[in-house]
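A.B. asks: Below you will find the structure I want to go over with you.
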Amino acid sequence: DAGVIQSPRHEVTEMGQEVTLRCKPISGHNSLFWYRQTMMRGLELLIYFNNNVPIDDSGMPEDRFSAKMPNASFSTLKIQPSEPRDSAVYFCASKTEGGELFFGEGSRLTVL
Amino acid sequence: QQQVKQSPQSLIVQKGGISIINCAYENTAFDYFPWYQQFPGKGPALLIAIRPDVSEKKEGRFTISFNKSAKQFSLHIMDSQPGDSATYFCAASIGTSGTYKYIFGTGTRLKVLA
């Protein structure tokens, strides 16, 4: 299996621009999680989906952030407009019910 | 209540020594406690995990000790090796059918000196 696939791996953008991060979970996994990692705050859970339905988005920092999962094999995390404080590594992870949580390799976002 | 507190932030150990990382939680609903290992530029990967019905779990050089009454758990790395140098995260999860919430500690950066 290819694992959790995230794109882009690196993104550099300017403040105010829209950023879209993409994730393809492992086939057969029915739960998908978006995390943000920074030195100061560690791994923060932003939102997670079960069977494509958002279960908990209480970690989404503000209205500038949105996430969708239109089908079982694809999810996006969008930031609009982006700000320098959004600079972080964003991880997508997926799992089956009762199974292990697998992470992608992350998308490193730099907002100038 | 949803936090998992991890210490220390960083740790330096000599090759062959024992590395110990501690975590504490408040929410007694947590029922699964994994540890993840992360190398630079990579995503975290599951290292070892424990459920609250046992007090210890060992896999090779890695051991989790779990104290349910104190709401604490720790990772012990025996005979630490330079290849163990990585960031370690403890986590706690509430697992019910169809819904999971993994809460991570802030991480411990381990450096094992050769």
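A.B. asks: Kindly indicate the residue of segment A:39-68 that is surrounded by 13 or more Cβ atoms within 10 Å (Cβ to Cβ) and β-branched (V, I, T) and also farthest from the other protein chains (Cβ to nearest Cβ) among those meeting that condition.
C.D. replies: Among residues in segment A:39-68 that are surrounded by 13 or more Cβ atoms within 10 Å (Cβ to Cβ) and β-branched (V, I, T), the one farthest from the other protein chains (Cβ to nearest Cβ) is A:I47.
A.B. asks: When you scan segment A:57-74, how many residues do you find that are touching a residue at least 40 places away in the same chain (Cβ under 8 Å), assigned to a loop (DSSP other than H, G, I, E, B) and of a type in the set (A, V, I, L, M, F, W, C)?
C.D. replies: Here the count works out to 1.
A.B. asks: Kindly evaluate B:K5 against the criterion of being within 10 Å of chain A (Cβ to nearest Cβ) and closer than 25 Å to A:E105 by Cα.
C.D. replies: Criteria not met by B:K5.
A.B. asks: Right, something else. Just one of (1) buried (at least 19 other Cβ atoms within 10 Å of the Cβ); (2) touching a Pro at 6+ places or on another chain (Cβ under 7 Å); (3) more than 14 Å from chain A (Cβ to nearest Cβ) trips up B:Y36, so point out which.
C.D. replies: (3)
A.B. asks: Another one. I'd like to know if segment B:94-103 contains one or more residues that are over 28 Å from A:I55 (Cα atoms) and among the hydrophobic types (A, V, I, L, M, F, W, C).
C.D. replies: no
A.B. asks: Here is a follow-up. From B:G60, B:G16, B:G41, grab the single residue that is surrounded by fewer than 14 Cβ atoms within 10 Å (Cβ to Cβ) and closer than 29 Å to A:S107 by Cα.
C.D. replies: B:G41
A.B. asks: Pick from segment A:83-110 the residues that are assigned to a loop (DSSP other than H, G, I, E, B) and within 7 Å of chain B (Cβ to nearest Cβ): which of them is farthest from the chain's Cα centre (by Cα)?
C.D. replies: Among those that are assigned to a loop (DSSP other than H, G, I, E, B) and within 7 Å of chain B (Cβ to nearest Cβ), it is A:E97.
Here, each number is a calculation from the coordinates, and none is a lab measurement. Keep in mind that this is a model prediction, so the values were computed, not measured. Note that each Cβ is placed from the backbone with ideal geometry, even for glycine, and that neighbours are counted across all protein chains shown.
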